[in-house]
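Working notes, beginning with the structure itself.
The values are calculated or read from the model by the stated rules, or taken from the named source; none is laboratory data. Fair warning: this is a prediction, and the values are worked out from it, not measured in the lab. Glycine also receives a Cβ, built like all others from the backbone with ideal geometry; neighbour counts cover every protein chain displayed. We work out accessible area using only protein heavy atoms, side chains counted, and drop any ligands, DNA or RNA first. Shrake-Rupley method; radii C 1.70, N 1.55, O 1.52, S 1.80 Å.
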Amino acid sequence: MKLDDFDFELPEGLIATRPARPRDAARLLLAEGDAIHDRHVRDLIDIFRPGDRLVLNNTKVIPARLAGTRTRQSAQGEVVAKVEVTLLEPAPGGEWSALAKPLRKVKESEEIVFSDALSARVEAIENGQLRLSFNLSGEDFDAALAEAGAMPLPPYIAALRAPDDEDKRDYQTVFARHSGAVAAPTASLHFTRELLEALAAKGVEFTEVTLHVGAGTFLPVKVEDVTTHKMHAEWGEVSEQAAAEINATKQAGGRVIPVGTTALRLIESAARAEGGAKGHIVPFRDATDIFIYPGFEFRITDALMTNFHLPKSTLLMLVSALMGQDRIREIYDHAVKTGYRFFSYGDASLLIP
């Protein structure tokens, strides 16, 4: 299984830099059996059935991109340098791992000032990453970060435009609850509160899980034999209630449909934890580095709602595992030819094997 097996040509003009407005006006490619239908996200009210259970990732994206300055004394006097910091994940003890650009402008023990309220000390520089301790914690930290930070847009959007205040709303799901992600579960961005209420009124059920999406989700696959790729680890939780709801749906013959690859990876991890099995999920609270590529046995997932993914990405490998490589090639060929918008702010697909 070679990396080139997951490549395709994508015109740059199909990369979405802003979401559809309203959210549920985005296009939806419905792939069911051998058929492909061009719909819209708002049509989910006609597509989902009573008894279907949608699994939603309720992680909340933090405004993890910070513009700061560090000050250093030199023979020429005080020297101030700009440093862009992207938070990656909290470490034990309240510190944060982070990336800095340019890294060479930073030294250990220096202070980086982000605003009048927020600053951080560089405790260590290891493997190209900073370990930072901030001057604030808890709600004070959250408030200062919300004021000073910008949303960490994916590299393929950031290369086309800078983040702005609109992204603080657009790059967050309407059901985001638990802070900790540095990337959004983007398939969920298509849902409005009104659509969720209409689906619930039809008898569609919902289960919330939490997977804090890390910056590693954007790391490219660099090995030619994809089976040797090592996935980044992300922290996730499937509560006892969530596990019970999903198991009840499976036992009743309903469909379990994760919204997004993050929710899928988490429930499939929980099905592989001790006590899990095909058709049965257990509570889970741990890091997962599950890698899903063709040949994978899905134990819980019956269908998947997801956006359109990067060539040669692990997410393209995941949907190829669910639908088959030839089928995904047909779906993506159709999406490109008919002008679907790609990636985080792009259109959606509903994949039903």
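Can you bin every Cα-Cα distance in the chain into 10 Å intervals starting at zero and give me the percent of pairs per bin, rounded to whole numbers?
It works out to 5, 24, 32, 24, 11, 3, 1, 0, in whole percents.
Taking just the alpha carbons, could you work out the radius of gyration and Dmax for the range 261-331, both in angstroms?
In Å, with Rg to one decimal and Dmax whole: 12.4, 37.
Determine the share of the chain's accessible area contributed by carbon and sulfur atoms, expressed in whole percent, with a 1.4 angstrom probe. Provide the component values of the computation, followed by the final result.
Numbers: 7560 of 15810 Å².
In the chain, the share of accessible area belonging to carbon and sulfur is 48 percent.
Which angle between 0 and 90 degrees, to the nearest 10, do you get for helix 138-148 versus the longest principal axis of the chain when only C-alpha atoms count?
Once rounded, the angle reads 90 degrees.
What would the Debye equation give as log₁₀ I(q)/I(0) for the range 162-319 at q = 0.09, 0.14, 0.17 Å⁻¹, counting only Cα atoms as equal point scatterers?
Cα-only, vacuum Debye calculation for the range 162-319: -0.30, -0.74, -1.10.
Using alpha carbons only, how many degrees (0 to 90, rounded to 10) separate the axis of helix 193-202 from the longest principal axis of the chain?
Between helix and principal axis, roughly 30 degrees.
Run a plain Debye calculation on the range 188-227 (Cα atoms as equal point scatterers, no solvent) and give log10 I(q)/I(0) at q = 0.15, 0.21, 0.23, 0.34 Å⁻¹, rounded to two decimals, same order as the q list.
Scattering profile of the range 188-227, log10 relative to I(0): -0.63, -0.79, -0.86, -1.13.
Please report the spacing between the Cα centers of the range 169-236 and the range 239-294 in Å, no decimals.
14 Å
Extension gain SER133-GLU194, at 0.36 nm per residue separation less the Cα-Cα distance, in nm?
17.9 nm
Would you pull out the residues with amide H under 5 Å of ILE15's amide H, same chain only if 5 or more places away, H placed 1.01 Å from N?
Those lying under 5 Å, H to H, from ILE15 are PHE342.
Roughly how tilted is helix 240-251, in degrees to the nearest 10 and between 0 and 90, from the longest Cα axis of the chain?
20 degrees
Arrange the peptides 296-302, 44-50 so that the one whose residues have, on average, the most other Cβ atoms within 10 Å appears first.
Numbers: 296-302: 17.7, 44-50: 15.0.
Ranking, from highest mean packing down: 296-302, 44-50.
Given labels modelled 7 Å from the Cα in the Cβ direction, how far is it in nm from HIS334 to THR71?
Placing both labels 7 Å along Cα→Cβ, they lie 6.1 nm apart.
What is the list of residues in the range 287-301 whose amide nitrogen lies under 13 Å from a point 7 angstrom out from the Cα of ASN247, following Cα to Cβ?
none
Per residue, how much accessible surface does the chain expose to a 1.4 Å probe? Answer in Å², no decimals.
Dividing the accessible area of the chain by its residue count gives 45 Å².
If we sort 178-184, 333-339, 284-290, 74-80 on the protection proxy, mean other Cβ atoms within 10 Å, highest first, what's the order?
178-184, 284-290, 333-339, 74-80
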